[in-house]
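Asker: Below: one structure in structure tokens.
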Amino acid sequence: MSTKKKGNNADDKSVENIENVLSKSEQFIEKNQKILLYIVAGLLIIVSAYWAYLKFYKSPRENDAVAQMFVAQRSFEKDSFNLALNGNVNYPGFLGIIEDYSGTKAANLANFYAGVCYLNLGNYDQAIDYLMDFSTDDIILASEKYGAIGDSYVQKDMIDQAIKYYKKAVDDDYSNDFTTPIYLKKLALAYEHQGNYQEAFNAYEKIYKEHPQSQEAKTIQKYMERAKMHIE
């Protein structure tokens with residue numbers, strides 16, 4: 001009987017403790033009701049503002065940037081690189097898109113175009129800068145980005161740096177039958193320029209074995225033979 005009473009006392013204390021906790025929670029909510037309401041309202045305002053930003057600002061701005069860049073892309077396709085870069089009184093070039101629409105996907109892509117334009121115009125440092133500012137998840141564009149940086153370093157007669165970026169361009173993460181054979185061949189030629197014929201042969205052989213249907217593979221055996229002649 002004594003045990004039962006003790007058990008009841010323990011249960012009563014547990015219930016009392018729980019009630020005290022709940023009471024304190026209720027008091028906290030009552031005292032801080034306005035603050036909690038302000039927090040909830042603030043979160044709703046933030047969410048609403050972000051939605052409005054996406055719908056009424058970012059999306060139209062992105063669309064406008066794409067439309068504005070169309071003329072620059074057409075000039076680029078015609079090899080009018082200076083016009084593509086700087087635009088005219090009616091339409092901005094890639095540099096204008098980068099400045100006026102910073103943060104958009106179009107401005108990011110304009111960095112790639114601007115880099116290639118500068119490469120073709122012989123401004124290699126600027127080409128490298130703009131290409132480095134371009135980011136992409138597309139394997140072909142990523143390969144072309146690093147390949148174009150490699151080309152810029154070749155023009156600057158910085159072959160070690162060129163090799164570094166050609167190797168990035170042919171990395172397995174970006175492997176494809178379009179750009180990989182092109183930059184493998186450029187990588188091999190850079191190695192030959194340095195007298196590293198074994199690495200040159202390896203790059204040529206990779207084209208022959210892994211990209212046999214590519215345009216580069218059609219004549220690659222003569223390059224393999226040339227490099228092999230210099231290997232002891």
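The values are calculated or read from the model by the stated rules, or taken from the named source; none is laboratory data. Since the model is a prediction, treat every value here as computed from it, not as a measurement. Glycine gets a Cβ as well: all are built from the backbone with ideal geometry, and neighbour counts include every protein chain shown.
Yes or no, residue by residue, for (1) modelled with pLDDT of 95 or more; (2) part of a loop (DSSP other than H, G, I, E, B); (3) of a type in the set (A, V, I, L, M); (4) touching a Gly at 6+ places or on another chain (Cβ under 6 Å):
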residue: MET69; (1), (2), (3), (4): no, no, yes, no
residue: GLN73; (1), (2), (3), (4): no, no, no, no
residue: LEU85; (1), (2), (3), (4): yes, no, yes, yes
residue: ALA107; (1), (2), (3), (4): no, no, yes, no
residue: TYR118; (1), (2), (3), (4): yes, no, no, no
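Asker: Given the criteria of a type outside the set (D, E, K, R), touching a Gly at 6+ places or on another chain (Cβ under 8 Å) and under 29 Å from PHE70 (Cβ atoms), does ALA142 qualify?
Answerer: Judged against the criteria, ALA142 is not a match.
Asker: Does ASP79 qualify as being closer than 23 Å to GLN155 by Cα, out of contact with any strand residue (DSSP E or B) (no Cβ under 7 Å at 6 or more places or on another chain) and part of a loop (DSSP other than H, G, I, E, B)?
Answerer: Judged against the criteria, ASP79 is a match.
Asker: Right, next: All but one of (1) over 27 Å from ASN176 (Cβ atoms); (2) free of Cβ contacts under 8 Å to residues at least 12 places away in the same chain hold for ASP137; state the number of the condition that does not hold.
Answerer: Status for ASP137: all satisfied but (1).
Asker: Does the range 208-229 contain any residue that is surrounded by fewer than 22 Cβ atoms within 10 Å (Cβ to Cβ), of a type in the set (D, E, K, R) and within 30 Å of GLY103 (Cα to Cα)?
Answerer: no
Asker: Still on this model: Give me the helices (runs of 4 or more DSSP H) completely within the range 139-232, filtered to those with at least 2 residues that are over 29 Å from the mean Cα position of the chain (by Cα) and either of a type in the set (Gly, Ala, Ser) or over 20 Å from TYR118 (Cα atoms) (or both), ordered by residue number.
Answerer: It comes to 180-193, 197-210, 220-229.
Asker: SER175 passes all but one of (1) modelled with pLDDT of 95 or more; (2) closer than 23 Å to SER214 by Cα; which number fails?
Answerer: SER175 satisfies all of (1) modelled with pLDDT of 95 or more; (2) closer than 23 Å to SER214 by Cα except (1).
Asker: So the check is Cβ under 6 Å with 6+ separation or different chains; which pairs have a first residue in the range 76-100 that's of a type in the set (Phe, Trp, Tyr) and a second one that's surrounded by fewer than 21 Cβ atoms within 10 Å (Cβ to Cβ)?
Answerer: Taking only residues 6 or more apart or on different chains, the pairs are PHE81/ASN120; PHE81/LEU121; TYR91/VAL71.
Asker: Of the residues in the range 134-167, how many are under 25 Å from LYS228 (Cα atoms), crowded, with 18+ Cβ neighbours inside 10 Å and basic (Lys, Arg)?
Answerer: Count: 0.
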